[in-house]
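A.B. asks: Here's a structure for you.
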Amino acid sequence: MKRVMIDIETLGKNPGCVILSIGAVQFGDERKGEWFYEKISIDDCTRNGLVIDESTLRWWGEQSQAARSEAFSGKQFLNSALYNLKAWIGDGAQVWGNGAAFDLGILRAAYIKFGINDPWTYSKERCYRTLRDLCPTGMDFSYEDDTFQLVDAPEWYKNGTGKHNALYDAALQSKKAEGMLRGMGCWE
C-alpha cells in the first residue's frame, strides 16, 4: 500500500491560512524515500484570500534564521503546488498528517478554494499525532536520530536544516510512523 506523510508550514493554525511550504514523503513500500517539496509564495496566498495569523507570525520570529529563511523564500503559486502534489500522490494512497485537522485539513480547504479535488479520500486519511500518542513509551524515535533517507535528497536536506521545514519534518514523521507501526505489529 502506498503511504504518504505530509507536513506543511503555515502562517496560521486554521483552514484558510497562508501555506508556506508542503513536504511529503512516501514510506513503507518499494518507493520509500521518494519525496515532494514545494515552497509557496506568500503574496500569491494572500492575493487568493488566505490569511496570516499574527500569533503564528510572531512564533516564526522566534525560530532559527535557517528555518525562517527556508520557510519564507517560496515562489510557487499555491494552485500549481496543489496540482503538483496531487499528481505526485496519485490514486489510492493512504495519506498521513500530523494532526487530524491540521496538515490535511488546511490542504483540503486550499484544494476546495481552488476548485481542485484533493488527491485522497477521507477514508484514507491517517493521523500521525494519534499514532504517536497511542504508541507505548520507548517505541518512538528521538528527534535527534538521523534523518529518514530520501531518494536523491537535496543538499540542504543532507546538511540537516532541522525543525520547521516541511520536507524534513515529513521525513522524520515517516521514519517514526513506520517504526511505531512495525513495533506494534500493525504493518502488513
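A.B. asks: Sort Lys175, Lys2, Lys75 so that the residue with the fewest other Cβ atoms within 10 Å of its own Cβ comes first and the one with the most comes last. If you can, show how the numbers build up before the last one.
C.D. replies: Values: Lys175 21, Lys2 18, Lys75 11.
Listed from fewest to most nearby Cβ atoms, that is Lys75, Lys2, Lys175.
A.B. asks: Which lysines, on any chain, are close to Lys176 with Cα under 25 Å apart, when same-chain ones fewer than 8 places away are left out?
C.D. replies: Partners within reach: Lys2, Lys13, Lys32, Lys39, Lys86, Lys124, Lys158, Lys163.
A.B. asks: Dipole magnitude of the range 3-183 about its Cα centre, charges +1 at Lys/Arg Cβ and -1 at Asp/Glu Cβ only, in debye to the nearest 20?
C.D. replies: Details: 21 positive and 25 negative charges, 66 e Å.
Value, rounded to 20: 320 debye.
A.B. asks: DSSP loop (so not H, G, I, E, B), at most 14 other Cβ within 10 Å: list which chymotrypsin sites (Phe, Trp or Tyr not before Pro) in the range 3-109 pass both filters. Write down the numbers at each step before the final one.
C.D. replies: Details: sites: Phe27, Trp35, Phe36, Tyr37, Trp59, Trp60, Phe72, Phe77, Tyr83, Trp88, Trp96, Phe102; in loops: Phe72, Phe77, Phe102.
Filter output for the range 3-109: Phe72.
A.B. asks: Got the relative contact order for the chain handy, in percent, Cα pairs under 8 Å and 6 or more residues apart? The partial results should precede the final answer.
C.D. replies: On the way: 335 pairs, mean separation 54.1, N = 188.
29 percent.
A.B. asks: Still on this model: What list of ³J(HN,Hα) couplings, whole Hz, do you get for the range 59-65 from phi and the Karplus terms 6.51, -1.76, 1.60, once you set θ to phi - 60° and write x for glycine and proline?
C.D. replies: Taking θ as phi minus 60°, the curve returns 4, 4, x, 8, 8, 5, 4 Hz for the range 59-65.
A.B. asks: Something else now. Tell me, Asp169, Asp44, Asp103, Asp91 in order of fewest to most beta-carbon neighbours within 10 Å?
C.D. replies: Numbers: Asp169 23, Asp44 19, Asp103 31, Asp91 9.
The order, fewest Cβ neighbours first, is Asp91, Asp44, Asp169, Asp103.
A.B. asks: Can you check what the net charge comes to around Lys39, using other residues whose Cβ is under 12 Å from the Cβ of Lys39 (Lys, Arg +1; Asp, Glu -1)?
C.D. replies: On the way: positive: Lys75; negative: Glu9, Glu38, Asp44, Glu70.
Cβ neighbours under 12 Å give a net charge of -3.
A.B. asks: Tell me what the chain gives for mean residue ellipticity at 222 nm when only DSSP H runs of n ≥ 4 count, each as -39,500 (n - 2.57), the sum divided by the residue total, rounded to 500 deg cm²/dmol.
C.D. replies: Working: 8 runs with 73 residues, N = 188.
Value at 222 nm, helices only: -11000 deg cm²/dmol.
A.B. asks: Oh, and also: I'd like the Karplus ³J(HN,Hα) series for the range 123-131: coefficients 6.51, -1.76, 1.60, θ = phi - 60°, whole numbers in Hz, and an x wherever there's a Gly or Pro.
C.D. replies: So the J values, rounded to whole Hz, are 6, 9, 7, 9, 10, 5, 4, 5, 4.
A.B. asks: Can you tell me the equivalent ellipsoid semi-axes for the range 3-183? Use √(5λ) from the Cα gyration tensor, largest first, whole Å. Show your work: numbers first, answer last.
C.D. replies: Details: eigenvalues 115, 74, 50 Å².
Values for the range 3-183, descending: 24, 19, 16 Å.
A.B. asks: Run through the range 1-74 and list the GluC sites (Glu not before Pro) located in a DSSP loop whose Cβ has at most 12 other Cβ atoms within 10 Å. Spell out each step's value before the answer.
C.D. replies: Working: sites: Glu9, Glu30, Glu34, Glu38, Glu54, Glu62, Glu70; in loops: Glu30, Glu34, Glu62.
Of the GluC sites (Glu not before Pro), the ones in loops of the range 1-74 whose Cβ has at most 12 other Cβ atoms within 10 Å are Glu30, Glu62.
A.B. asks: I would also like to ask the following. Using the count of nearby Cβ atoms within 10 Å as a rough guide to exposure, how do Asp29, Asp53 rank from fewest to most?
C.D. replies: Numbers: Asp29 11, Asp53 16.
Ordered by Cβ neighbours within 10 Å, fewest first: Asp29, Asp53.
A.B. asks: How much FRET efficiency would the formula 1/(1 + (r/R0)^6) give for Val51 and Tyr83, where r is the Cβ-Cβ distance and R0 is 22 Å, rounded to 0.05? Don't skip to the answer; put the middle values down first.
C.D. replies: Working: r = 22 Å, r/R0 = 1.01.
Efficiency, from the Cβ-Cβ distance: 0.50.
Each value in this text was obtained by applying a stated rule to the coordinates, not by laboratory testing. As the structure is a prediction and not an experimental result, all values here were calculated from the model. Don't worry about glycine lacking a Cβ; one is built from the backbone with ideal geometry, like all the others, and counts go over all protein chains shown.
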